[in-house]
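The values are calculated or read from the model by the stated rules, or taken from the named source; none is laboratory data. As the structure is a computational prediction, the values presented were derived from the model and not from experiment. Methodologically, a virtual Cβ is constructed for each residue, glycine included, from the backbone with ideal geometry; neighbour enumeration extends over all protein chains shown.
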Amino acid sequence: MTVQIEQLETFLDLMETKSFNRTAERLNLTQSSVSARIHTLETLLGKKLFTRSRAGTQPTPAGIRLLDHARSLRHQWNEARRAVQSTGNFDQSLRIGIQHDLASSHIADWVSGFRTILPKAAFYIDLDFSNQMSIDLLSGEIDLSIMFTPKHMPDLHHELVGEIGYRLISSHARRIADIEPQSYVFTRFSPAFEKVHNQLMAELAEAPLSSGQNTTVCGLLSSLGGSAFVLEESAEDMVANQGFQYVEDAPRIPQGVYFAMHLRNRHSHVHRRMLESVRRHLGPIPAGGAPG
């Protein structure tokens, strides 16, 4: 009897949820199937991996020791699975995750740079949020990502490569005090952005509309009017062409951009070249760095 990837997936999910019921829901399994997979894994290892009580499900010392090994095995399996899948006439295939708000202005430059570095590779680009990209990096579902919010986990490596900025624009207000909650779009681009934003705009926290994507915010403003923070290039376009104005006393809010990869790839020549290509197109980081 050998370990199956499904058993490792179930173990890793259960380590996160600490609940057989929750893991069954997330993996679309019955609770008895989850229990059977864990029991089989425990039988193979000869060690109890979890204890169950009224207080909940908790990993044993053996379960804790298995965690890093299980993550590594899952990552290597997914890398191997993707490596042997058909890539057509290309030498290799790379899956790249990019934060939603970075796509409109930077994706063409970055992909062009990647294709120069690896002219015989096929690229699959997936737009997502930082948390999901971190999960996908950890599992080996993507090879690298460009994100806003590093998720500090033992198997992931992040490097700050630049920053972008958001500006507050409005169809009617010249100052923050003139903005009414009913006409404000509350933006949730990242935890770092929210921290600065909430200190600045605490009185507008009850706004009825909110979004975490720049494209959605711009669409709402164009259709309904109102006020919101948008990417600098979006703000410039909307001020120049749609009758919006900058809110005079609102500062620019910077957002750090991070290149993320699995720890095992941090010294990879290909990954380093791709990182430098991203950094070059973003430009220098201002003194003091950018928030993550």
Fill in: Scope the stretch 49-76; condition exposed (fewer than 14 other Cβ atoms within 10 Å of the Cβ) and not in a helix (DSSP H, G or I); matching residues
THR51, ARG52, SER53, ARG54, ALA55, GLY56, GLN58
Fill in: Every residue from the stretch 193-235 that is surrounded by fewer than 20 Cβ atoms within 10 Å (Cβ to Cβ), among the aliphatic types (A, V, I, L, M) and closer than 22 Å to SER105 by Cα
LEU220
Worksheet, complete the sentence: Residues of the stretch 183-203 being in contact (Cβ under 8 Å) with a residue 40 or more places away in the chain, of a type outside the set (D, E, K, R) and assigned to a helix (DSSP H, G or I), in sequence order, are SER183, PRO191, ALA192, PHE193, VAL196, HIS197, LEU200
Worksheet item: Are any residues in the stretch 234-285 under 22 Å from GLU79 (Cβ atoms), of a type outside the set (A, V, I, L, M) and touching a strand residue (DSSP E or B) at 6+ places or on another chain (Cβ under 6 Å), and if so, which ones?
Response: TYR258, PHE259, ARG266, HIS271
Worksheet item: Do we find a residue being of a type in the set (Val, Ile, Thr), over 21 Å from ASP136 (Cα atoms) and not assigned by TED's automatic domain parsing to the domain that holds LEU138 anywhere in the stretch 13-26?
Response: no
Worksheet, complete the sentence: Matching residues in the stretch 211-233 (assigned to a helix (DSSP H, G or I) and either under 23 Å from the mean Cα position of the chain (by Cα) or polar (S, T, N, Q) (or both)) number 10
Worksheet item: Given the residues SER268, SER190, which is the only one that is under 30 Å from LEU94 (Cα atoms), buried (at least 21 other Cβ atoms within 10 Å of the Cβ) and within 23 Å of the chain's Cα centre (by Cα)?
Response: SER190
Discussion item. Quick check on this structure: which one of ARG65, ARG54, ARG71, ARG115 is basic (Lys, Arg) and in contact with a strand residue (DSSP E or B) (Cβ under 8 Å, 6 or more places away or on another chain)?
Written reply: ARG115
Worksheet item: Any idea which of GLU206, GLU159, GLU180 is among the acidic types (Asp, Glu) and without any contact (Cβ under 8 Å) to a residue 12 or more places away in the chain?
Response: GLU180
Fill in: Residue in the stretch 234-271 that is farthest from ARG167 (Cα to Cα), counting only those that are at pLDDT 95 or above and part of a helix (DSSP H, G or I)
ASN241
Discussion item. Anything in the stretch 142-182 that is out of contact with any helix residue (DSSP H, G or I) (no Cβ under 6 Å at 6 or more places or on another chain), part of a loop (DSSP other than H, G, I, E, B) and surrounded by fewer than 23 Cβ atoms within 10 Å (Cβ to Cβ)? List them, or say none.
Written reply: PRO150, HIS152, MET153, PRO154, SER171, HIS172, ALA173, ARG174, ARG175, GLU180
Item to complete: Would you be able to tell me the number of residues in the stretch 24-48 that are assigned to a helix (DSSP H, G or I), among the polar types (S, T, N, Q) and farther than 18 Å from LEU73 by Cβ?
Response: 4
Practice prompt. Return a yes/no flag: does the stretch 193-213 have any residue that is touching a strand residue (DSSP E or B) at 6+ places or on another chain (Cβ under 7 Å) and of a type in the set (Asp, Glu).
Written response: no
